[in-house]
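Participant: First, the structure itself, so that you have it in front of you.
Since every read-out is calculated from the coordinates, none of them should be taken as a lab result. Since we're looking at a predicted model, the values are computed, not measured. All Cβ positions, even for glycine, are placed from backbone atoms using ideal geometry, and neighbour counts span all protein chains on display.
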Amino acid sequence: MPMFSKGIVLSQHKEPAFSKPVLRFVHPQTDSLKLDLKQIAVQTEQDAIIELARLARIVDERDGKLLYRKLRKSQGKAKIIIADAVDDEPYVSSRIGPLLQMGEEVADGLELCCTVAGCQEKRIMVYKMITDLETRIPHSIQKIKVMRVRGGYPAYQQKRLSHLGDMPRLVVGVGALIHLARAVYQQKQQSTVFLTVAGNCVACPMNLEVSLGMTVMQVLERCGLTQQPTRVVCGGSMTGVSILDTENTLITHTTRAILAVRENQRDAHYTCIGCGRCEQVCPSGLNPMYIHRLVQTNYYAGLPLFDPQLCIGCGTCSYICPSKLEVATSVATAKAYALGKVPGEEEEDTPEAGASSPSSTRPEPNAPLEESPPTGEAPSVPEEEADAQDDDLLKDLPNAE
Ligand code: SF4
Ligand code: SF4
């Protein structure tokens, strides 16, 4: 398949959330969950780190995968470890914010990954095309070189990392690295995520460290609303999903932002004017316009010609569309169809990034937020069975494979 690298440069609007300190908004009970080190009976330092990541139930926010599995795959193989602090979506600064404030923990997490992989090389990856930052991004953090990733959204990584060629690498989100350092040095289970709260309805935009399982409404109330939003987006401004039930939508491992906005343009649905911009910017080389038309007319038999399964869900086609059409949503529907899922049931089968099911059970206040993690209990099941349980957990996580 040819490697496309189109994309567009987006206005970022990181401020005022970015320049404020990252505040904590956590349940005291879950925040104090500790790992039981008596469970760890391993031979090597590498295995101990992987086991702690497993017990701490750390999920990499960049792909929704369990970190211990990524570590196990990279053990003795990866030649370079990269901390992903790229916030390429407008408003979102939930990686670079914690990176600048908690650089020591990020560096510790990187060092632990290097120990597992048996390599020395490590880098921090930060987006370059951000213009409204008042804070200077340093060339190195804790003596680790910071790479400034160029290029338009979302094709930057393909371009920037191409110089690494086929070098085996492990790329881990900044949040997961912080939680890995806390698991190893403080025996803390992951019970929080980092996210940005922003939008023109938010009184006090900021980056927060929030307990898993809190509701979107609890987080919005923490930051305050100046006016009633017409749209609340959970996830990123480009890849997130609009939610209606803020009272019952829960913060998950991959929630990177909550945006509360008041807008009128999106409510006016014009017709496609055939300008071709969506095709020009699509990083997967698709023609979203035709796919949109086929989905709108329910002519699904014609979809295989247009390869909707190659869509990466970046949302660029909807962003660029002058008619404000939800082209990306149509392509997502077409992709679900191409992958053998019935249109209309795709949300159940493939949970969107950053949003839990509206029917998720809301936890009792001050109660442990997750039932499944056996915090501190000795593993009483064989490894294969434990892996099967991990598969079940992965199924419940957004963006899980
Ligand atoms: S959402 Fe899919 S179709 Fe639209 S620009 Fe991104 S990859 Fe292309
Ligand atoms: S960008 Fe919008 S108006 Fe232009 S061709 Fe694509 S769908 Fe039609």
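Participant: Have a look at Cys204, Tyr185, Leu170 and report the one farthest towards the positive end of the charge dipole of the range 162-271, computed about the Cα centre with Cβ charges (Lys/Arg +1, Asp/Glu -1).
Facilitator: Ranked along the dipole, the leading option is Tyr185.
Participant: Further question on the same structure: Tell me which residues come under 5 Å, amide H to amide H, from Met214 once H is placed; ignore anything under 5 positions away on its chain.
Facilitator: Ile251
Participant: Using 0.36 nm times the number of residues separating Ile40 and Thr135, minus their current alpha carbon distance, what extension gain do you get? All intermediate terms of the calculation are to be shown ahead of the outcome.
Facilitator: Values: separation 95, 0.36 × 95 = 34.20 nm, distance 4.19 nm.
Length gained, Ile40 through Thr135: 30.0 nm.
Participant: Calculate the spin-label point distance for Glu247 paired with Gln101, positioning each point 7 Å from the Cα along the beta-carbon direction, and give it in nanometres.
Facilitator: 3.0
Participant: Taking amide H positions as placed 1.01 Å from N in the peptide plane, with prolines and chain starts having none, which residues 5 or more places from Val9, or on another chain, fall under 5 Å of its amide H?
Facilitator: Tyr153
Participant: Along the range 138-145, what does the Karplus equation 6.51 cos²θ - 1.76 cosθ + 1.60 (θ = phi - 60°) give for ³J(HN,Hα), rounded to whole Hz, x for Gly and Pro?
Facilitator: Values per residue, Gly and Pro as x: x, 6, 8, 10, 6, 6, 9, 5 Hz.
Participant: Would you mind calculating the gained length between Gln280 and Thr297 on full extension (0.36 nm times residue separation, minus the Cα-Cα distance), in nm to one decimal? Could the numbers behind the result be given before it?
Facilitator: Numbers: separation 17, 0.36 × 17 = 6.12 nm, distance 2.32 nm.
Taking Gln280 through Thr297 to full extension adds about 3.8 nm, to one decimal.
Participant: Amide H of Lys122 versus every other amide H placed in the peptide plane: which residues, excluding those fewer than 5 positions away on the same chain, fall under 5 Å?
Facilitator: Under 5 Å from the amide H of Lys122 lie the amide H atoms of Ile81, each far enough along the sequence or on another chain.
Participant: Over 28 Å between Cα atoms, which of Lys70/Lys145; Lys34/Lys79; Lys20/Lys145 qualify?
Facilitator: On the way: Lys70/Lys145 23 Å; Lys34/Lys79 32 Å; Lys20/Lys145 24 Å.
From the list (Lys70/Lys145; Lys34/Lys79; Lys20/Lys145), the Cα-Cα distance tops 28 Å for Lys34/Lys79.
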